[in-house]
Amino acid sequence: MAKLSVKELNVREKRVLVRVDFNVPMEEKDGQMVINDDTRIKETLPTLNWLIQQGAKLILAAHLGRPKGKREPSMSLAPVAVNLEKLLGRKVAFVDDCIGEKVEKAAAALKSGDVLLLENVRYYNEEEANDPVFAEKLAKVADIYVNDAFGAAHRAHASTEGVARVVAKRGGQCAAGLLMERELKFLGDELDQPAHPFVVILGGAKVSDKISVIDRLLEKADTILIGGAMAYTFRLAQGYKVGKSLVEADKTEVAKAALEKAKARKVQFLLPVDDVVAVPVKTDKLDKKGKAIIEWQNPRVNTDLNVPDDAAGLDIGPATVKQYNEVVMKARTILWNGPMGLFEDKRFASGTLGVARAVAEVTRKNGAKSIIGGGDSVKAINKAGLGNQVTFMSTGGGASLEFLEGKVLPGVAALSNK
Ligand code: AMP
């Protein structure tokens, strides 16, 4: 059922509680938290500017990190208020709480077009518990609720779900923001009835994360191209050796079932025909999580479907890139989720970059629709400088996967129907 849009609301002089995704990466510098990348803040500007132009009083709610119910100063949204002020070119008031008297007072002082940012909703455990009393408290300052935080919509939390229920029960409207609307349009409507050939490219670390997506897309796609570590679970299922590749040995049955389903439905299901392999050597250096950093030695193209015993497969090889690109160039709709290899290391990024270039080219030259399903594939496309050459890049990692699986997102379900 189509959801009410922020564009259909009459918000003049009304207090609009907007749930936004301001979960930006931050880093401490000289004792202060600074924002490393404000893409997520920028993505909300169309909705915020629209509401300001329409004369609403804006109250913004968001989470940052995982403070687990504590007032963790490094996860305060205060630096976001400063950043947002610059981006909007107008004052953004900040209150160091998200419920209670202080918030009510600040909200009461708002005039038409004013913006107020509330403190991290996850400073309260009740947020993630979707506590109804907490949701009531959040809703106290809202005449209308707008959700623009697609990236958090797969969670039934108080600020994404509970508060919408409270506002709706009082007869208030709950609408999708412009970013949320775009996500639902591209990941939902456009893929529901895709123009054919519909090519799905899936990569990343684990089959288990994406098997439900594969299963669902096998109903719609003409071709599925597999890359990343995930390919090795399929290879193992086919009886090949995978050496030291990242693999889920307990998921070979799941992989086999997907291969069978593809055959039965006559979906072309392609696995890499070559790869780039390297030998892992443990170093004394530790990563951020305290795990020994692996150095990859002797990277080389491997044309045998078996990976040598002492090596791991880390990227799709040149013959696979060529084959995948030929398929991509014939597509009219493309969905891509997950890198083709360990693309963070440039020795293993050629596969991901090669596919990214083909996706951009078929979009530019043939007008194909290309939808990038969030997370690392978006990072890879941006790294290649091709972000403006694809049709749509999702802002939600987990949320976009769950949506593609066909799951109902609680944050979407709670919004008013048109
Ligand atoms: P996902 O979150 O499942 O999309 O996985 C993304 C991660 O998988 C990225 O950090 C990639 O570096 C990693 N990855 C992809 N292919 C491989 C591979 N062949 N071996 C190890 N890691 C990989």
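Sorting the segments 96-105, 148-157 by their mean number of nearby beta carbons within 10 angstrom, highest to lowest, gives 148-157, 96-105.
Here the dipole of the stretch 249-381 is about 800 debye; that uses its Cα centre as origin and unit charges on the Cβ of Lys and Arg (positive) and Asp and Glu (negative). Take each peptide in 1-9, 367-375, count the other Cβ atoms within 10 Å of every residue, and average; sorted highest first, the result is 367-375, 1-9.
Peptides 173-184, 229-240, ordered by how many other C-beta atoms sit within 10 Å of their residues on average, highest first, read 173-184, 229-240.
Taking a straight Cα-Cα cut-off under 12 Å and skipping sequence neighbours fewer than 8 places away in the same chain, the aspartates and glutamates within cross-link reach of Lys285 are Glu295. For the stretch 321-335, putting each phi into the Karplus relation 6.51 cos²θ - 1.76 cosθ + 1.60 with θ = phi - 60° gives couplings of 4, 4, 4, 5, 5, 4, 5, 4, 5, 9, 6, 10, 9, 10, 10 Hz, in residue order, rounded to whole numbers and with x for Gly and Pro. Taking amide hydrogens as placed 1.01 Å from N in the peptide plane, the amide H of Gly375 sits under 5 Å from those of Gly397, each at least 5 positions away in sequence or on another chain. Taking θ as phi - 60° and the Karplus parameters 6.51, -1.76 and 1.60, the scalar couplings of the stretch 278-293 work out to 8, 9, x, 10, 6, 10, 7, 6, 10, 8, 4, 8, x, 8, 4, 6 Hz in sequence order, x denoting glycine and proline. Based on Cβ point charges of +1 for Lys and Arg and -1 for Asp and Glu, what charge dipole magnitude is obtained for the stretch 146-285 about its Cα centre, in debye rounded to the nearest 20? With only Lys, Arg, Asp and Glu charged at Cβ, the dipole is about 300 debye.
Helix 78-88 and the longest principal axis of the Cα set of the chain meet at an angle near 90°. For the chain, find the longest principal axis of its Cα atoms and tell me its angle to the long axis of helix 252-264, 0 to 90°, nearest 10. Its long axis makes an angle of about 80 degrees. Extension gain, Lys29 to Lys91, is 19.9 nm, computed as 0.36 nm per intervening residue step minus the present C-alpha separation.
For the chain, the Cβ-based charge dipole about the Cα centre amounts to some 780 debye (Lys, Arg positive; Asp, Glu negative; other atoms uncharged). If you take every DSSP beta bridge fully contained in the stretch 6-182, what fraction is antiparallel? Give it as a percent rounded to 5. Rounded to the nearest five, the antiparallel share is 15 percent.
Report, in degrees rounded to the nearest 10, the 0 to 90 angle that the Cα long axis of helix 207-217 makes with the longest principal axis of the chain. Tilt relative to the chain: about 80 degrees.
For Lys263, the aspartates and glutamates whose Cα falls under 16 Å of its own Cα, not counting residues fewer than eight places away in the same chain, are Asp215, Glu219, Asp222, Glu253.
Go through Lys111/Lys379; Lys291/Lys383; Lys3/Lys206; Lys137/Lys210; Lys68/Lys407 and tell me which ones have a Cα-Cα distance over 31 Å in this structure. Cα-Cα > 31 Å for Lys111/Lys379; Lys3/Lys206; Lys137/Lys210; rest within. In the chain, the DSSP-assigned H stretches of four residues or longer account for a calculated mean residue ellipticity at 222 nm of -9000 deg cm²/dmol, using -39500 (n - 2.57) per stretch and the full residue count as denominator. Roughly how many Å is it from the Cα centre of the stretch 1-70 to that of the stretch 153-180, as a whole number? Result: 14 Å between the Cα centres.
Bear in mind these aren't lab numbers, they're just calculated from the coordinates by the rules spelled out. Predicted, not measured: the structure shown is a model, and the values here were computed from it. Don't worry about glycine lacking a Cβ; one is built from the backbone with ideal geometry, like all the others, and counts go over all protein chains shown.
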